[in-house]
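All remarks here apply to the structure that follows.
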Amino acid sequence: MTEIAITRTAHPRQPPADETLQFGRVFTDHMFMMEYDAGKGWHDPRVVPYQPFTLDPATCVLHYGQAIFDGLKAFRGKDGQVRLFRVKDHAARVNKSGHYLCIPPIDEAMIVDSIRTLVEVDQNWVPSTPGTSLYIRPTVIATETFLGVHPSSSYLYYVITGPVGAYYKEGMNPVRILASDRYVRAVQGGLGAAKTAGNYAASLYGAEEAQNQGYTQVLWLDGVHHRYLDEVGTMNIMLRIDDEVLTPPLNGAILAGITRDSALTLLRDWGLKVSERPIAIDEVLDAAKAGRLEMWGTGTAAVISPVGELGYKGERYVINGGKTGELTQKLYDTIVGIQYGTAPDPHGWATLLSNRPHG
Ligand code: COI
């Protein structure tokens, strides 16, 4: 594998205090960059000081959105060690997303190495207070300069990172979500399973309306019947009705969340009945009314996020008395325990970083 060149900043900054951290506002001293050109492949992998880059106004990504990204986290445990969570799975998902957008694949070992090297260089930025982490954002953009619609012949892969706190202002308190009967995030056969910029652009209008009504996020329903649960956009959705755990299947319209997979794996390890199947909104509302429902979201940024209220067609349904359910709490504690190195990691999800100096 090509060696990653490292150029350190001449002006290292002081990371912010952990208690001031929000989500996605602060970035570390360095970033990773690597270009692709047709006929040459991916080349020049390097860690460089964090910097803006210039793009020609005709650059393809600015017009047609040929862009993908991923999101993963590094955690500093009580032992001081830094762990990446499911980095290989995130690397594989970069290429899965890229496939939908006609972006040439990147050697997955190189993706892992880009992340590992960057985080090792900026390891003093990994916060240590429980609930904080270093968020890592690998991104690929199409960089050819042209105004015709076809896949670009050149790309930039880059990785930026930054220390973060909770994604939702509610933290681990239950969020309120609005099931939308008007707007659609994605449909089967579209790009819903790719982590691509356009899916997030498609979610903004509906999300703003939901926020104006006092909700944190939208629960997207399927684009054909407006009836079956898809996902929340910032997280996958999961629920328990009586003793069965349910989540929508990976049908091409929703993201194959890695926290979704972690939660399903743990629930199955615990011997629970877990079904990945279409879930109609009326089934959820009936269970909410009967007090038989617990609901939570799963996502890298959101972790495990309890849902305390569901809105639909002008009605508000309180879930589990508006409180965090037992299973939600157990999932949160177990996943967070693995991430910070305080719980056993039977599936080998955490990758310990070396604290050797680079460069
Ligand atoms: C993540 O969970 O990592 C995401 O990319 C979601 C994004 C809305 C922050």
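The values are calculated or read from the model by the stated rules, or taken from the named source; none is laboratory data. Every value quoted in this text rests on a predicted model; they were computed, and no experiment measured them. Note that we place each Cβ from the backbone using ideal geometry, even for glycine, and neighbour counts take in every protein chain shown. Accessible surface areas use protein heavy atoms only, side chains included; no ligands, DNA or RNA. Shrake-Rupley method; radii C 1.70, N 1.55, O 1.52, S 1.80 Å.
Take T54 and tell me if it is in the same structural domain as V112 (by TED's automatic domain parsing), open to solvent by less than 30 Å² (accessible area, probe 1.4 Å), assigned to a loop (DSSP other than H, G, I, E, B) and not charged (D, E, K, R). In short, no.
Take the conditions touching a residue at least 60 places away in the same chain (Cβ under 8 Å) and closer than 20 Å to I237 by Cα and apply them to P163. Does it pass? Against the criterion (touching a residue at least 60 places away in the same chain (Cβ under 8 Å) and closer than 20 Å to I237 by Cα), P163 does not qualify.
A quick yes/no check of all residues on (1) open to solvent by 30 Å² or more (accessible area, probe 1.4 Å); (2) away from the ligand (no atom under 16 Å from the Cβ); (3) under 18 Å from E244 (Cβ atoms):
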{"site": "A287", "(1), (2), (3)": "no, yes, yes"}
{"site": "T298", "(1), (2), (3)": "no, no, yes"}
{"site": "A301", "(1), (2), (3)": "no, no, no"}
{"site": "N320", "(1), (2), (3)": "yes, yes, yes"}
{"site": "G325", "(1), (2), (3)": "no, yes, yes"}
{"site": "Q339", "(1), (2), (3)": "no, no, no"}
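Scanning region 239-265 for residues that are hydrophobic (A, V, I, L, M, F, W, C) and either within 13 Å of the chain's Cα centre (by Cα) or within 16 Å of the ligand (Cβ to nearest atom) (or both) returns I254, L255, A256, I258, A263. Quick check on my filter: what residues within region 201-238 are surrounded by 22 or more Cβ atoms within 10 Å (Cβ to Cβ), away from the ligand (no atom under 16 Å from the Cβ) and among the hydrophobic types (A, V, I, L, M, F, W, C)? Answer for region 201-238, where residues must be surrounded by 22 or more Cβ atoms within 10 Å (Cβ to Cβ), away from the ligand (no atom under 16 Å from the Cβ) and among the hydrophobic types (A, V, I, L, M, F, W, C): L221, L229.
So which of L310, L285, L293 ends up being of a type in the set (A, V, I, L, M, F, W, C) and free of Cβ contacts under 8 Å to residues at least 40 places away in the same chain?
When all the criteria are applied, what remains is L285.
Within region 133-149, being β-branched (V, I, T) and open to solvent by 10 Å² or more (accessible area, probe 1.4 Å) holds for T139, I141, T143, T145, V149. Scanning region 10-27 for residues that are within 15 Å of the ligand (Cβ to nearest atom) and open to solvent by 100 Å² or more (accessible area, probe 1.4 Å) gives Q22, R25. Just a yes or no: is a residue in region 59-81 closer than 16 Å to K195 by Cα, touching a residue at least 40 places away in the same chain (Cβ under 8 Å), in a helix (DSSP H, G or I) and away from the ligand (no atom under 16 Å from the Cβ)? Within region 59-81, one or more residues are closer than 16 Å to K195 by Cα, touching a residue at least 40 places away in the same chain (Cβ under 8 Å), in a helix (DSSP H, G or I) and away from the ligand (no atom under 16 Å from the Cβ). For region 228-264, a residue qualifies if it is touching a helix residue (DSSP H, G or I) at 6+ places or on another chain (Cβ under 6 Å) and more than 18 Å from V336 (Cα to Cα), and the qualifying residues are G233, R240, I241, V245. Considering region 245-359, the qualifying strands (runs of 3 or more DSSP E), each wholly inside and each with 2 or more residues that are hydrophobic (A, V, I, L, M, F, W, C), run over 293-299, 303-312, 350-352.
Scanning region 124-180 for residues that are within 16 Å of the ligand (Cβ to nearest atom) and of a type in the set (K, R) returns R137, K169.
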